Amino acid sequence: MKRIGILLTVLFIASLTFAQKGKVTSALSYKDAGELEKAWETIEQTIDPENSRSKRSIDWPRTWEARGEILREIHRKGKTDIVDEPLFKALESFKKGIELDDKDRFTKSIVVKLKLLQIDLSNYAIKNFQSENFDTALKSFEKYLEISNIPAVKESMETEVLDTAIIYNTGLTAYKAENWEKAIEYFEQSAEVGYNGPESYQFSYNSYQAMGDSAKAVKVLKEGFEKYPDSETLIVQLINYYIETGNANDAIIYLDKAIEQNPENVSYYVAKGSTLEKLGKEDQAIKVYQKAIEKDSTLFTPYYNLGVIHYNNGVAVMNEASQLPPNSFYNHLIEYVVKTNKNGFDVTYINKQGNTEQKSVKGNNWSTHFESKPNSIVSLSAQTNNKNDVVNVKIIHQNDILEEAKSEGDFVVASASGKVPTKNTERIDMYEKMLEEGKQYLEKALPYMEKAYEIDSTEMAIMESLRQIYYRLKMNDKYDEMNEKIKSISK
C-alpha cells in the first residue's frame, strides 16, 4: 500500500507539473489564434507566486520565453489596454528566461527573440521620438542597448558589434528630453568611437551649458576641435562661445582659423568685423567688412555695419562740436546808430551779408541791427546834406560801443569801422573743423546705408539712419521723401 501511495503522489505531482507547463502551451496557442487577452491571462497564471500550481512553471525558462513572445505580440497588435508598455516587460521576461536556463536549453532561442525585440524597440523609439514623447523614446533606445550588452547576446555574435548609430540616437533623444547627464553619457560614447564626432561634441557642449557647467562645456568643445580641426560646426561653436562670454581676442583667433579653412564663407568676415568693433578696432573692422562685400555684394549686414561705423563717428563728432562754443559765439548783436543836428543825411554801411548798402535819411537819426559772426568786418559812415552840421556815428557790439566817430562842418562825413570781436578764435576754428569732419563721416556712411536700404527696404533702423543723414547733410528732398515713408509705416 505504501508503494502505491508514493507512486500516486509522484504521478499527481507530475500531472500538476504537466498541467502548468501545458498552460504555457495553451497561452501560446491563444496568442497564435489572436486571443491575446486569454493568452496573457493564461501565461500570468503560470508565474503567479500565490498559485501553488505555478511552482514548477514559474522557474521554467520556457515560461518566461513564451511570456516575452506574447508581450511582443500584444505590442505588435497595439493592445496596450491589456498591458502597458509590453516591449519593456518582454525584455524582462526574456532576461528572466536566460537567468533560469542553467542547462542552456532555451538560451539560444531566447537570444533570437531578443534580437527581434531590438527591432521592435528601435521602431518604437523612432515612433515616440517623432511624436515628441522623448522620455519613452529614450527608454526604448536604452532597452535596445541593454540587450546588446547581455552576455548571451554578445556571445552569439561572431564579431563584436557596437551599435554606434543607436548610441548617438540615444544621446540625441536624451538631449531632446533635456536629460543632460544621459545626453552627455551617450554623446561622449559616440564621440569616442568617432560616430558623428563633431556633432557629438557639440551636443555634449550644449548639454554642459544647459547644466551651467561652462568650464566642462568649453573643455569638451576644445577637445572636439583638436580631434576635428576641419569641423565648421565646432569652430563656429567656439567662436560663438568666446563672443558670448566677452573673450573677443580668443574669438578672433578662431575666426582667423575659420577663414583660413573656408575663405569663401562670408559670415566669418562679418563675425570678425563685429568682434573687432567690440575691441575698438574700427579701422580693422572696416577692412574686414569691405572684404565681406567683395565676397558677396548682396549681403545686408556688412553694408549696414559700415554705414553705422561712419554714421556714429560723424554724429559723435558733431555732438562734441555742438558742446564746444556757446551760442554767443555766433549770435553777436551789431547795431549801427547815426545822429545829426539837422535833418537829411546819407548813410553807407556793411550789412549782415557783408555787402555795402546805402540809404538816404530825411530825419536827423537812423539805426539798424543784425547778428554777425565773430571776426566779421563792420563799417558805418554818414554824410550830412547840410552846412554847419554835426554828424555822430556809432557801431555798438552787444550793447557796448565798438567804434564811433564825430564830424562838424559843412556837408561833413563821419566814418567808423572795425571787426566783430570773439572771445576764443581757436575754439571757433575747432568747431568749424569738427563740423566738417562730422560731415565727412556722414558722407562716407551714406552710400553704405543707401545700399543696405536697397537690399532691405523694410528695416526701420536703416530708414531712421538715412533720415538723420539727409537732415544733417541738408539733402532736403531726400529727407522729406524718407520722412514720409517713415510716417506712413508708423501709422
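The values are calculated or read from the model by the stated rules, or taken from the named source; none is laboratory data. What you are looking at is a predicted structure, and each value in this text was computed from that prediction instead of being measured. So basically every Cβ, Gly included, is an ideal-geometry build from the backbone, and we count neighbours across all protein chains shown.
Within region 359-393, can you find the residues that are in a strand (DSSP E or B) and of a type in the set (Ser, Thr, Tyr)? If the condition is that a residue be in a strand (DSSP E or B) and of a type in the set (Ser, Thr, Tyr), then Ser360, Ser367, Thr368, Ser372, Ser379, Ser381, Thr384 are the ones that fit.
Out of Glu282, Glu357, which single residue is closer than 30 Å to Glu408 by Cα and either among the acidic types (Asp, Glu) or modelled with pLDDT under 95 (or both)?
Values: Glu282 fails: closer than 30 Å to Glu408 by Cα.
Step by step, each of Glu282, Glu357 is checked, and only Glu357 is closer than 30 Å to Glu408 by Cα and either among the acidic types (Asp, Glu) or modelled with pLDDT under 95 (or both).
Here Val317 fits the description: outside any strand (DSSP E or B), surrounded by 12 or more Cβ atoms within 10 Å (Cβ to Cβ) and β-branched (Val, Ile, Thr). Checking each residue of region 97-104 against the condition of being without any contact (Cβ under 8 Å) to a residue 24 or more places away in the chain, assigned to a loop (DSSP other than H, G, I, E, B) and within 20 Å of Ile147 (Cβ to Cβ) gives at least one match. Only one of the numbered conditions (1) part of a loop (DSSP other than H, G, I, E, B); (2) within 27 Å of Gln209 (Cα to Cα) is not met by Glu158, and that is (2). Does Glu320 count as of a type in the set (D, E, K, R) and within 30 Å of Gly438 (Cβ to Cβ)? Yes. Within the set Glu437, Glu450, the sole residue that is in contact (Cβ under 8 Å) with a residue 40 or more places away in the chain, closer than 30 Å to Ser297 by Cα and not in a strand (DSSP E or B) turns out to be Glu437.
Matching residues to (1) surrounded by 13 or more Cβ atoms within 10 Å (Cβ to Cβ); (2) at pLDDT 95 or above; (3) not basic (Lys, Arg):
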| site | (1), (2), (3) |
| --- | --- |
| Asn399 | no, no, yes |
| Arg427 | yes, no, no |
| Glu443 | yes, yes, yes |
| Thr458 | no, no, yes |
| Lys487 | no, no, no |
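Against the conditions (1) surrounded by fewer than 18 Cβ atoms within 10 Å (Cβ to Cβ); (2) in contact (Cβ under 8 Å) with a residue 40 or more places away in the chain; (3) more than 49 Å from the chain's Cα centre (by Cα), Trp40 satisfies every one except (1). Just one of (1) touching a residue at least 12 places away in the same chain (Cβ under 8 Å); (2) more than 30 Å from Trp60 (Cα to Cα) fails for Lys108. It is (2).
So is His369 without any contact (Cβ under 8 Å) to a residue 40 or more places away in the chain and either surrounded by fewer than 16 Cβ atoms within 10 Å (Cβ to Cβ) or touching a helix residue (DSSP H, G or I) at 6+ places or on another chain (Cβ under 7 Å) (or both) or not? Give the derivation first.
Values: without any contact (Cβ under 8 Å) to a residue 40 or more places away in the chain: yes; either surrounded by fewer than 16 Cβ atoms within 10 Å (Cβ to Cβ) or touching a helix residue (DSSP H, G or I) at 6+ places or on another chain (Cβ under 7 Å) (or both): yes.
So His369 passes the test.
The residues of region 453-467 that are hydroxyl-bearing (Ser, Thr, Tyr) and touching a residue at least 24 places away in the same chain (Cβ under 8 Å) amount to a single one, Ser465. Residues that are basic (Lys, Arg) and within 20 Å of the chain's Cα centre (by Cα) were ranked within region 269-312; the one that is nearest to Glu464 (Cα to Cα) is Lys278.
Would region 166-179 turn up any residue that is assigned to a loop (DSSP other than H, G, I, E, B) and β-branched (Val, Ile, Thr)? Looking through region 166-179, none of the residues is assigned to a loop (DSSP other than H, G, I, E, B) and β-branched (Val, Ile, Thr).
Given Ile462, Ile469, which one is surrounded by 16 or more Cβ atoms within 10 Å (Cβ to Cβ), among the hydrophobic types (A, V, I, L, M, F, W, C) and either more than 28 Å from the chain's Cα centre (by Cα) or modelled with pLDDT of 95 or more (or both)?
Exactly one residue qualifies, and that residue is Ile469.
Taken as a whole, region 119-140 holds at least one residue that is of a type in the set (A, V, I, L, M), out of contact with any helix residue (DSSP H, G or I) (no Cβ under 8 Å at 6 or more places or on another chain), over 15 Å from Pro61 (Cα atoms) and assigned to a helix (DSSP H, G or I).
Only one entry in Ser267, Ser297 is of a type in the set (Gly, Ala, Ser), free of Cβ contacts under 8 Å to residues at least 24 places away in the same chain and either assigned to a helix (DSSP H, G or I) or under 30 Å from His369 (Cα atoms) (or both), namely Ser267. If you go through region 303-354 and keep only what is in contact with a Phe, Trp or Tyr (Cβ under 7 Å, 6 or more places away or on another chain), closer than 27 Å to Ser379 by Cβ and at pLDDT 95 or above, you end up with Tyr336, Val338, Val347, Tyr349.
In this structure, does Ala90 turn out to be in contact with a helix residue (DSSP H, G or I) (Cβ under 9 Å, 6 or more places away or on another chain), buried (at least 19 other Cβ atoms within 10 Å of the Cβ) and within 21 Å of Lys108 (Cβ to Cβ)?
yes
Tell me yes or no: at least one residue of region 224-242 is under 24 Å from Asn123 (Cα atoms), assigned to a helix (DSSP H, G or I), under 20 Å from the mean Cα position of the chain (by Cα) and free of Cβ contacts under 8 Å to residues at least 40 places away in the same chain. No, region 224-242 contains no residue that is under 24 Å from Asn123 (Cα atoms), assigned to a helix (DSSP H, G or I), under 20 Å from the mean Cα position of the chain (by Cα) and free of Cβ contacts under 8 Å to residues at least 40 places away in the same chain.
Of the set (1) surrounded by 12 or more Cβ atoms within 10 Å (Cβ to Cβ); (2) over 24 Å from Val111 (Cβ atoms), all apply to Glu181 but (1).
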